[in-house]
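Undergrad: Before we start, here is the structure in question, set down as structure tokens.
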Amino acid sequence: MPRKIQEQIDYGDYPERMDTSAERSLSDPEKNLYGTNPAMRGGTQDVERLASDRFKKVVDKLRTAINQPDLTPEYVQQMIIEEFGRSVMKAKSIELRFTEELEELAVNSALKVTETPAGRYNIDAKLTGPVEGIDPEKFQFAPNPKPQFDKKQGGQEGGQEGDEENNDERFDANILTKDERFELEIHKRNIINGIIQGASKKGHYIFQDPEVKSKLDEMDTNLYGYYLKLMAINDYFYFTMSDLIDSASKTGEAIGGREDLTGTKTGFLKPEGQEGDEEGGEGGEGGEGGEGEEGGGELKGHEVSEHNISARGIVFPILCHEVIKGIEEALGKFGYSNEPDVASAVIGQVDTLPNETMSLRIGPELVDRIRKCLPNEMFDEENYGIKPFFYKILYEIPTVAFLNLIGDVVSQNEGDQNNAKNKFKEIFDQAKSMRQRYNQKREPQNIEPQEPERGPEIQKEPEKPAENTDKKLSEMGTNALNFELNNAIDAGNWELAQRIQKMIERKQGLHEITVKNLKKYLK
């Protein structure tokens, strides 16, 4: 059993403090979800450092939102609680007049911030009222029973841990049992969940985007202020009212939003080198493996919208959070183990509602650390849309190498951070190439019809008057007329066919022959 480590959280010169329950959870590696993760090379110290840096940013945000330089006085604490309830009620009363507009804006804004093309997912986003609320029965509150896999030696089994890239002494990856691979997959999944929660947590401030704010102002200029207060307070509560947050995560009561990600498999887009059924077949239990537009590679089959995202939120920012989370979770599937039984067991162990609390505390800072290591050119306008490809490649990195990379991101060592920057640059270049191949596959659908180059203009002979045509036909024999009749019918020239028919009838009076010929071609 790991030794419990008590560490002092660094508050710097901030007078604000987390509550004691949050501090205890963060200082206990058995409770902080990440304290034993190999990516946290400093153990609980790394977890506390990420949490304390996040807490300071949350405090700064709330100070600005409620215009208070110090949040510690008792009257300010009481005001925060009252302001939260007031902002929720005021915002909801306004939203009732603009429900459809806000739901559409939530989807479009989430697609923009995640750099996802419209139509990529089937998204059903709805604002919920106080009556229908959020159904707590759909949440998973506890992990499934932990499986015991056969302890069979062999780093190559499962195809993830035996290559040179993964042979790092920090993990002793040369020989891993299936149980050990399972444990490492849990750590990888927790990191990916942290990134997902961090991106969606930061995304619920999407209302501060100038374009989004402008549209909100057109509805009601008060919305922005209410949203800023209630979301800043919401973030603050995750550190200062942790008992209430923990209770909600264990029962599902008072939860403000939820999302469900399901798959619809009507076709299969298969990346280069991936084996699988042309019309289906998933890369792991619950995951699409190579399916999806981010698959890049050599695409086969036909394009489909293979994920359905159902998002519910009591207010607009939370609805945005849930839509973003659904999009990020779809990308997160690329990080599943390629051993289906391991992948399924990991999901059952990790993807629980109580685990979200710690992911929401740590995740946003983890996302910030990753962003600092990304190449600047990734944020150039010309590279908009590359983000899904980047994270697909990142999540597909074999587990040990992935944890090493995140360890470099979290590390305070400059050399480690430079290693992360170099690796992210490689991934970025791969993502650019992947997106280019993908766009080339789509180009035939997007190219507008081009008028062919004109050759030398050829002067057409003026059409002969009807009487000249009749004269020519009258000079033909019966066999020639029948031949021309067939040609006229084949060409769809019914006017000429009628003239030929009349000529044959006049010349031979053989109406039956003409009828026979016509029936032959009109069947």
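Undergrad: What are the pairs with Cβ atoms under 9 angstrom where one residue, in the range 194-214, is small (Gly, Ala, Ser) and the other, located anywhere, is modelled with pLDDT under 95 and not in a helix (DSSP H, G or I)? Sequence gap at least six, or different chains.
TA: Cβ pairs passing all conditions: 194/33; 194/34; 200/259.
Undergrad: Something else now. What are the residues in the range 426-445 that are of a type in the set (Gly, Ala, Ser) and either surrounded by 17 or more Cβ atoms within 10 Å (Cβ to Cβ) or at pLDDT 95 or above (or both), if any?
TA: Once the filter is applied, which keeps residues that are of a type in the set (Gly, Ala, Ser) and either surrounded by 17 or more Cβ atoms within 10 Å (Cβ to Cβ) or at pLDDT 95 or above (or both), the range 426-445 yields only 431.
Undergrad: Further, regarding this structure: Take the conditions open to solvent by 10 Å² or more (accessible area, probe 1.4 Å), modelled with pLDDT of 95 or more and aliphatic (A, V, I, L, M) and apply them to residue 327. Does it pass?
TA: The answer is no for residue 327.
Undergrad: Go through the range 82-95 and report how many residues are touching a residue at least 24 places away in the same chain (Cβ under 8 Å) and either of a type outside the set (Lys, Arg) or not in a helix (DSSP H, G or I) (or both).
TA: Result for the range 82-95: 7.
Undergrad: Any residue in the range 397-425 that's surrounded by fewer than 19 Cβ atoms within 10 Å (Cβ to Cβ): show its pairings with residues that are at pLDDT 95 or above and not in a helix (DSSP H, G or I) at Cβ separation under 6 Å, as long as the two are six or more apart or on different chains.
TA: 425/375
Undergrad: Restricting to the range 26-72, what's the tally of residues that are within 19 Å of residue 236 (Cβ to Cβ) and β-branched (Val, Ile, Thr)?
TA: Qualifying residue count for the region: 5.
Undergrad: State the number of residues belonging to the range 62-75 that are in contact with an Asp or Glu (Cβ under 7 Å, 6 or more places away or on another chain) and part of a helix (DSSP H, G or I).
TA: Residues meeting the conditions: 1.
Undergrad: Sticking with this one: With open to solvent by less than 30 Å² (accessible area, probe 1.4 Å), in contact with a strand residue (DSSP E or B) (Cβ under 9 Å, 6 or more places away or on another chain) and not in a helix (DSSP H, G or I) as the only criterion, which of 106, 125 stands out?
TA: Checking each option against the conditions leaves just 125.
Undergrad: Those residues that are open to solvent by less than 10 Å² (accessible area, probe 1.4 Å) and of a type in the set (A, V, I, L, M), I need them from the range 382-396; list them, please.
TA: Across the range 382-396, the qualifying residues are 386, 394.
Undergrad: Among residues belonging to the range 1-18 that are under 19 Å from residue 72 (Cβ atoms) and surrounded by fewer than 15 Cβ atoms within 10 Å (Cβ to Cβ), point out the one that is modelled with the lowest pLDDT.
TA: 8
Undergrad: Out of all the residues in the range 359-379, which are open to solvent by 10 Å² or more (accessible area, probe 1.4 Å), hydrophobic (A, V, I, L, M, F, W, C) and in contact (Cβ under 8 Å) with a residue 60 or more places away in the chain?
TA: Correct list: 360, 367.
Undergrad: Please determine, by comparing only the residues of the range 19-34 that are open to solvent by less than 10 Å² (accessible area, probe 1.4 Å) and part of a loop (DSSP other than H, G, I, E, B), which one is modelled with the highest pLDDT.
TA: 34
Undergrad: Let me ask you something else. Tell me, please, whether a residue that is outside any helix (DSSP H, G or I), within 27 Å of the chain's Cα centre (by Cα) and crowded, with 16+ Cβ neighbours inside 10 Å can be found in the range 54-61.
TA: no
Residue-by-condition table, conditions (1) at pLDDT 95 or above; (2) open to solvent by 20 Å² or more (accessible area, probe 1.4 Å); (3) farther than 30 Å from residue 224 by Cβ:
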position: 170; (1), (2), (3): no, yes, yes
position: 173; (1), (2), (3): no, no, yes
position: 176; (1), (2), (3): no, no, yes
position: 181; (1), (2), (3): no, no, yes
position: 188; (1), (2), (3): yes, no, yes
position: 194; (1), (2), (3): yes, no, no
position: 203; (1), (2), (3): no, no, no
position: 207; (1), (2), (3): yes, no, no
position: 210; (1), (2), (3): yes, yes, no
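The values are calculated or read from the model by the stated rules, or taken from the named source; none is laboratory data. Remember, predicted model here, so these are calculated numbers, not experimental data. All Cβ positions, even for glycine, are placed from backbone atoms using ideal geometry, and neighbour counts span all protein chains on display. Calculation scope for accessible area: heavy atoms of the full protein, side chains included, ligands and nucleic acids excluded. Shrake-Rupley method; radii C 1.70, N 1.55, O 1.52, S 1.80 Å.
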